[in-house]
Amino acid sequence: MRESAYSINPMQAYLAAEAEAERLSLLDNTLVEPGTEQTRQTNRAFIRYDPYYDSLALRQFLQGPDTAIEYADIGLLKTDGTSTVAALSFDGRRYVVKRYNTRSLFHAIRRIVRRSRAENCWVSAHKLLDSGITTPRPVAMLENRLGPFKGKAYCLTEFVEGVLCNEYLPTLTDQSEIDGLVVKFASLFRTLVKYRLSHGDTKATNFLIHRGEPVVLDLDAMRIHNNTQSLAKGFEKDKRRFLRNWESQPHLHKRFQQQLDTINP
Ligand SMILES: Nc1ncnc2c1ncn2[C@@H]1O[C@H](COP(=O)(O)OP(=O)(O)OP(=O)(O)O)[C@@H](O)[C@H]1O
Ligand SMILES: [Mg+2]
């Protein structure tokens with residue numbers, strides 16, 4: 001007799017079906033208050049989402065984010081052991097979903113008391129938008145949970161059309177345009193410091209240029225600092241990493257350094 005797919009690991013299939021049913025019920029009977037964040041929590045799942053985007057398609061996404069990633073119509077943007085990033089569309093909008101894979105038992109234990117990276121992205125994106133810094137609008141975050149343990153987690157944001165900053169800057173020939181963008185980046189870092197934030201991973205691929213303005217991506221490691229010493233350390237790290245992006249372009253490196261040197265946490 002041939003085994004069915006479910007009989008291979010019935011417990012896993014049962015848990016997956018349970019989790020899915022629970023996610024569905026989490027979203028039932030939601031009273032939509034525009035502009036108010038919705039939070040749903042049980043011991044199997046934790047969801048935060050913006051009711052502005054609530055729809056059947058969003059609920060379907062939240063029921064089966066892995067399927068949505070597998071069939072992402074725009075495509076896979078990146079995948080490795082730690083995360084998968086895919087672009088997809090529904091409700092006439094384009095979105096990006098980032099899945100944070102579970103790493104090790106050690107990480108799972110550490111995350112009992114710490115926010116998941118997906119939730120950190122959610123909180124950080126709101127913080128940035130409130131501070132006037134442009135980042136893709138957060139739509140929803142979801143964590144699989146088993147009691148106190150956090151499993152795979154997902155963050156869904158709007159897709160932003162743009163060009164990575166390290167691809168965009170070398171295409172500029174007009175010096176005043178280059179200087180203008182360098183000043184915009186410096187102002188972005190100044191605003192981060194003003195609101196006691198550090199990004200935590202300022203490599204070039206984490207900044208898009210959209211309509212001539214920088215857009216901050218990848219907020220997994222963003223932090224709010226509660227003392228000046230740790231803010232200064234966070235800024236120094238962000239600055240050092242950001243300048244490293246321009247090592248092979250000394251004219252850009254010099255201009256960025258001149259501007260960033262004027263920021264004092
Ligand atoms: N909201 C978005 N809109 C458009 N493109 C995006 C968006 N979010 C991410 N991307 C694209 O996907 C890439 C990977 O996303 P992200 O930086 O969040 O993943 P990552 O796992 O941290 O990758 P890396 O390790 O390379 O930093 C980005 O460099 C960018 O090109
Ligand atoms: Mg990144």
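What the table shows:
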{"quantity": "Only one of ILE178, ILE263 that is assigned to a helix (DSSP H, G or I), surrounded by fewer than 19 Cβ atoms within 10 Å (Cβ to Cβ), more than 15 Å from ligand 1 (Cβ to nearest atom) and among the hydrophobic types (A, V, I, L, M, F, W, C)", "calculated": "ILE178"}
{"quantity": "So ASP238, is it within 16 Å of ligand 2 (Cβ to nearest atom), surrounded by 19 or more Cβ atoms within 10 Å (Cβ to Cβ) and assigned to a helix (DSSP H, G or I)", "calculated": "yes"}
{"quantity": "Answer residue from region 221-235, given it is surrounded by fewer than 20 Cβ atoms within 10 Å (Cβ to Cβ), assigned to a loop (DSSP other than H, G, I, E, B) and within 21 Å of the chain's Cα centre (by Cα) and is farthest from ligand 2 (Cβ to nearest atom) among those", "calculated": "HIS225"}
{"quantity": "Residues that are away from ligand 1 (no atom under 11 Å from the Cβ) and not in a helix (DSSP H, G or I), drawn from region 190-216", "calculated": "TYR195, ARG196, LEU197, SER198, HIS199, ILE209, ARG211, GLY212, GLU213, PRO214"}
{"quantity": "Complete set of residues in region 72-85 that are within 14 Å of ligand 2 (Cβ to nearest atom) and either among the β-branched types (Val, Ile, Thr) or not in a loop (DSSP other than H, G, I, E, B) (or both)", "calculated": "LEU77, LYS78, THR79, THR82, SER83, THR84, VAL85"}
{"quantity": "Selected residue [closer than 24 Å to GLU247 by Cβ and at pLDDT 95 or above] from GLU167, GLU161", "calculated": "GLU167"}
{"quantity": "Answer from LYS194, LYS127 - the residue that is surrounded by 14 or more Cβ atoms within 10 Å (Cβ to Cβ) and either over 16 Å from the mean Cα position of the chain (by Cα) or assigned by TED's automatic domain parsing to the domain that holds GLU37 (or both)", "calculated": "LYS127"}
{"quantity": "Any hit, region 149-157, residues being under 15 Å from ASP50 (Cα atoms), surrounded by fewer than 16 Cβ atoms within 10 Å (Cβ to Cβ) and outside the structural domain of ALA186 (by TED's automatic domain parsing)", "calculated": "no"}
{"quantity": "Top-ranked residue in region 203-220 [being surrounded by 18 or more Cβ atoms within 10 Å (Cβ to Cβ) and near ligand 2 (Cβ under 10 Å from one of its atoms); ranked as farthest from CYS165 (Cα to Cα)]", "calculated": "ASP220"}
{"quantity": "Residue match in region 250-263 (condition: of a type outside the set (Ser, Thr, Tyr) and in contact with a strand residue (DSSP E or B) (Cβ under 6 Å, 6 or more places away or on another chain))", "calculated": "no"}
{"quantity": "All positions within region 80-100 that are at pLDDT below 95 and of a type in the set (Val, Ile, Thr)", "calculated": "THR82"}
{"quantity": "Subset of region 102-125 [under 16 Å from HIS225 (Cα atoms), without any contact (Cβ under 8 Å) to a residue 60 or more places away in the chain and assigned to a helix (DSSP H, G or I)]", "calculated": "VAL123"}
{"quantity": "Selected residue (criterion: nearest to ligand 1 (Cβ to nearest atom)) from residues of region 217-242 that are of a type in the set (D, E, K, R) and closer than 20 Å to ASP261 by Cα", "calculated": "ARG241"}
{"quantity": "Looking only at region 157-175, and only at residues there that are assigned to a helix (DSSP H, G or I) and free of Cβ contacts under 8 Å to residues at least 12 places away in the same chain, the one that is nearest to ligand 2 (Cβ to nearest atom)", "calculated": "GLU167"}
{"quantity": "Given (1) under 15 Å from ALA221 (Cα atoms); (2) crowded, with 17+ Cβ neighbours inside 10 Å; (3) within 16 Å of ligand 1 (Cβ to nearest atom), number of the condition PRO138 does not satisfy", "calculated": "(1)"}
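The values are calculated or read from the model by the stated rules, or taken from the named source; none is laboratory data. Everything quoted here is computed from the prediction, not taken from an experiment. Positions of Cβ are generated from backbone atoms using ideal geometry, with glycine treated the same way; all protein chains shown enter the neighbour counts.
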